[in-house]
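**Q** Shown below is the structure under consideration.
The values are calculated or read from the model by the stated rules, or taken from the named source; none is laboratory data. None of the values given here were measured: they were computed from a predicted structure. Only protein heavy atoms, including side chains, enter the accessible area calculation; ligands, DNA and RNA are left aside. Shrake-Rupley method; radii C 1.70, N 1.55, O 1.52, S 1.80 Å.
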Amino acid sequence: TAAFSDPYIKSFSFSVISPELLGKKVLRPDRIIGQYEDLVTRVTNFHNEDKGFMVLAGDVFDVPIRKDIVHKVVRWQLAKRQQGTHLTKTISEVSGTGRKPYNQKGTGRARHGTLRGPQFRGGASMHGPKPRSHAIKLQKKVRRLGLKIALSARTGEGKASFKL
């Protein structure tokens, strides 16, 4: 017996069954996905030698496919991994003097109190990005369901591989 541990599925144990002891049908491509049936699949080693069969729990590997849940989980994962270290400087953070560049009156030009404003070259950026977390909240049950749906979809396509 081997143990499989994942952050979303607390513990899941499985046993490799020899083909002689097996009474169930092997995982077949024409079956209906999402019936919560226990599945039987072939187990191989890394040299593709048959090592027997394994019973997969139906509540994990045969869950109805819901695209909305998968979409939410993928958005949660991508948002959580986004770094969020972008930064622009405001008028108080830009280097430069606070001196008035020229007289208020008599020059014919527009009045300015500093050359650090956003309209000047090398000046500040108004309403720019600040460091923040892009993570969104998603319930643990939805996260777990998303993983189960992904495992069910891979198993249903016949692309799930179980190697010892």
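**Q** A 32 angstrom limit on the alpha carbon distance is what I want to check against. Which of LYS141/LYS163; LYS80/LYS159; LYS89/LYS141; LYS51/LYS80; LYS137/LYS159 exceed it?
**A** Numbers: LYS141/LYS163 28 Å; LYS80/LYS159 27 Å; LYS89/LYS141 41 Å; LYS51/LYS80 39 Å; LYS137/LYS159 30 Å.
Exceeds cut-off: LYS89/LYS141; LYS51/LYS80.
**Q** Moving to a separate point now. Rounded to whole Hz and in sequence order, give me ³J(HN,Hα) for region 113-119 from the Karplus expression 6.51 cos²θ - 1.76 cosθ + 1.60, θ = phi - 60°, writing x for Gly and Pro.
**A** Listing the rounded values in order: x, 7, 9, 9, x, x, 7 Hz.
**Q** Rounded to whole Hz and in sequence order, give me ³J(HN,Hα) for region 73-83 from the Karplus expression 6.51 cos²θ - 1.76 cosθ + 1.60, θ = phi - 60°, writing x for Gly and Pro.
**A** Karplus values, whole Hz, x for Gly and Pro: 5, 5, 4, 4, 5, 5, 5, 5, 8, 5, 6.
**Q** Taking only protein heavy atoms into account and a 1.4 Å probe, give the accessible area per residue of region 37-96 in Å². Numbers along the way, then the final one.
**A** Details: 3890 Å² over 60 residues.
Per residue, region 37-96 has 65 Å² of solvent-accessible surface.
**Q** Okay, moving on. For MET54, MET126, what's the largest-to-smallest order of accessible area, 1.4 Å probe? Kindly include the intermediate steps, with their values, before the conclusion.
**A** Working: MET54 5, MET126 90 Å².
The most accessible residue leads, giving MET126, MET54.
**Q** Related question: For VAL40, enumerate residues with amide H under 5 Å from its amide H, sequence gap 5+ or separate chain, H modeled in the peptide plane.
**A** Correct list: LEU27, LEU56.
**Q** Next question. Please report the accessible area of ILE32 (heavy atoms, 1.4 Å probe, ligands and nucleic acids excluded) in Å², nearest 10.
**A** 120
**Q** Right, something else. So who's got an amide H within less than 5 Å of the one on GLY52, skipping anything under 5 residues away but keeping other chains? H placed 1.01 Å off N, in plane.
**A** Here the answer is VAL43, since their amide H atoms fall under 5 Å of that of GLY52.
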